[in-house]
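Working notes, structure below.
Every number here is computed from the coordinates shown, using simple stated rules; none is lab data. All of these numbers come straight from a predicted model, not from anything done at the bench. When we count neighbours, we look across all protein chains shown, and the Cβ atoms used for this are built from the backbone with ideal geometry, even at glycine.
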Amino acid sequence: MPLTMLMIGTRKGCFVLESENRRDWRMRGPYCESWPVYQTIRDADSGAMFAAAASEWHGSAVWRSTDDGETWTLSSEGLAHDGERKVSKISSLASAHGRVLAGVEAAGIFQSLDGGETWSLLSTLEGQPGREGWDDPANQPPGHLGISALMPDPDDASRFWAIVQGVGFFETTDDGKTWTPRNRGLRADWPRPYDEVGFCVHRLVRSPLDPDRMYQQNHVGVHRSDDGGHSWHEITDGLPSEFGFGAAVHPHDRDTFFVIPLDPLHARTMPEGHAAVWCTRDGGDSWARLDKGLPQENAYVGVLRAALTIDDHEVPGLYFGTSTGQLFASADEGENWSEIASYLPPIWSVEVAVLD
Amino acid sequence: MMADVRLPPTLTPLFVNLPRRVEVDAATPREAIDELERRWPGLRDRLCDPGPELRSHIHVYVDGDRAQLDTPLEPRSRVDVVAAISGG
């Protein structure tokens with residue numbers, strides 16, 4: 001029976017939960033010496049795990065494990081900008097085609113070709129509109145994440161996408177040498193000096209079945225693309241809030257997509273204290289609330305951008321972690337939920353791997 | 001010139017067999033960190049930003065006084081490297 005492994009990045013280290021049946025879970029950790037961990041991933045080819053971390057004392061590093069998270073070592077060799085720019089944190093990780101990518105603040109993308117032992121700068125997205133202002137803390141949203149997400153193309157090693165927090169979504173097809181903003185059709189409720197950028201993309205996912213189908217949870221709305229991000233249209237109608245962070249697409253149905261709407265402004269918790277994941281099964285034409293087993297009153301919890309995920313079982317499981325340390329799981333596409341950890345540190349990311 | 005270097009407890013788990021207390025031949029804290037880097041590759045990055053300069057929450061004291069990377073050491077100086085109080 002395959003093993004389902006959850007990797008939880010928290011403000012106080014990385015945790016691992018494992019289950020053969022997605023009902024009974026065993027927890028291990030904390031790992032990475034309880035450093036703040038923004039994201040933990042598992043490379044599907046090598047089985048190595050990587051954790052993006054930033055210690056207030058000892059700086060930023062990528063931790064790695066080759067024994068399914070039992071033991072970890074860290075490296076930051078080469079993970080530094082030139083000159084005055086500093087790497088304040090490693091915000092995002094991705095692996096594909098034999099390399100690991102790390103997105104950092106101040107905005108930059110580093111790569112490792114030796115399994116995370118050494119790193120080199122790949123791109124700072126130079127030349128993009130307004131790029132010279134991205135490093136100014138006054139221009140950055142709270143969190144100062146820089147490159148908040150990276151998304152490789154499984155078929156083309158030189159093509160991948162990056163989100164710059166508060167700026168937008170970008171595509172490269174020449175391994176980071178040049179970039180194209182992919183924000184056309186998005187809404188922004190604030191002044192923008194450049195047409196193509198200035199959008200607050202929180203989370204973006206791509207259908208494994210249809211590479212042209214993408215979805216994003218934006219600061220202002222949920223949006224869909226049918227042409228690989230070249231254009232977007234809004235599908236927020238029917239949701240209780242246009243605001244949220246997490247997003248997940250069904251691995252076997254391009255029209256099924258999940259979000260967790262949150263109250264905007266200061267709250268950023270689930271509307272009316274009613275915990276729920278919302279699902280569309282028709283590409284955003286209609287939405288349904290999934291809340292069976294979730295707390296339905298007095299649950300003022302938030303879920304951050306990397307803290308909702310979905311596995312690729314035949315009947316997929318959904319998982320989300322809250323910024324107050326609860327972890328919820330569903331083994332049936334969100335129809336029924338259970339709380340599988342209650343007292344973790346603030347959860348920043350939830351990733352899943354299915355191991356045969 | 002041997003210095004008696006005391007390291008913070010958050011540092012020692014990051015490197016194999018790194019003790020809390022190390023004797024190194026050094027004329028300044030910078031040289032002491034250089035020697036620690038030679039013995040435990042990667043250690044400098046945990047104490048210093050590129051430059052190198054001390055990380056903002058890493059403080060160094062030489063014989064009880066707040067010091068910088070180039071503060072001169074006396075023979076048998078005690079060098080305390082402290083992870084300063086930082087958040088919750």
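For this structure, a couple of remarks:
- Distance from region A:278-356 to region B:1-15 (C-alpha centre basis), Å: 43 Å
- Spacing of the two label points (7 Å from each Cα toward its C-beta) at A:ARG23 and B:ARG39, in nm: 5.5 nm
- At R0 = 35 Å, FRET efficiency that the Cβ-Cβ distance of A:THR324 and A:ALA44 yields, to 0.05: 0.70
- The sum of -39500 (n - 2.57) across all DSSP H runs of n ≥ 4, divided by the residue count of the protein assembly as shown, sets its helix-only mean residue ellipticity at 222 nm to -1000 deg cm²/dmol.
- Converting phi to 3J(HN,Hα) with the Karplus coefficients 6.51, -1.76 and 1.60 and the offset θ = phi - 60°, region A:188-194 yields 9, 9, 8, x, 9, x, 10 Hz in sequence order, with x at every glycine or proline.
- Region B:1-45 residues near the modelled B:VAL82 label - backbone nitrogen below 14 Å, point 7 Å along Cα→Cβ: B:6-9
- With an a/c value of 1.5 or above and a/b not larger than b/c for the gyration tensor axes a ≥ b ≥ c computed over the alpha-carbon atoms, region A:244-356 is described as oblate.
- For region A:228-244, 3J(HN,Hα) per residue [Karplus equation, 6.51 cos²θ - 1.76 cosθ + 1.60, θ = phi - 60°, Hz, x = Gly/Pro]: x, x, 5, 8, 10, 9, 7, 10, 6, 4, x, 8, x, 7, 7, 9, x
- Size of charge dipole - the protein assembly as shown - debye, nearest 20, with Cβ of Lys, Arg +1 and Asp, Glu -1, no other charges: 960 debye
- With the convex hull constructed from alpha-carbon coordinates only, region B:1-41 shows a mean projected area of 2.6 nm² over all directions.
- Shown here are the Rg and Dmax of the Cα trace of chain B, at 11.9, 38 Å.
- Anisotropy class assigned to region A:73-207 is oblate, per the alpha carbon gyration tensor with a/c at or over the 1.5 cut-off and a/b no larger than b/c.
- The Stokes-Einstein estimate for region A:90-146, based on a Kirkwood radius over Cα pairs and taken at 37 °C with 0.692 mPa s viscosity, is a diffusion coefficient of 269 µm²/s.
- Taking label positions 7 Å along the Cα-Cβ direction at both A:ASP156 and B:ASP4, the computed distance is 6.4 nm, reported to one decimal.
- Backbone HN-Hα couplings from phi across region B:70-77 [Karplus 6.51/-1.76/1.60, Hz, Gly and Pro as x]: 9, 4, x, 9, 8, x, 6, 4
- Nonlocal Lys pairs with alpha-carbon distance under 24 Å, the protein assembly as shown (8 or more apart, or different chains): 4
- All-pairs alpha carbon distance profile, the protein assembly as shown, 20 Å steps from 0, percent: 25, 55, 18, 2
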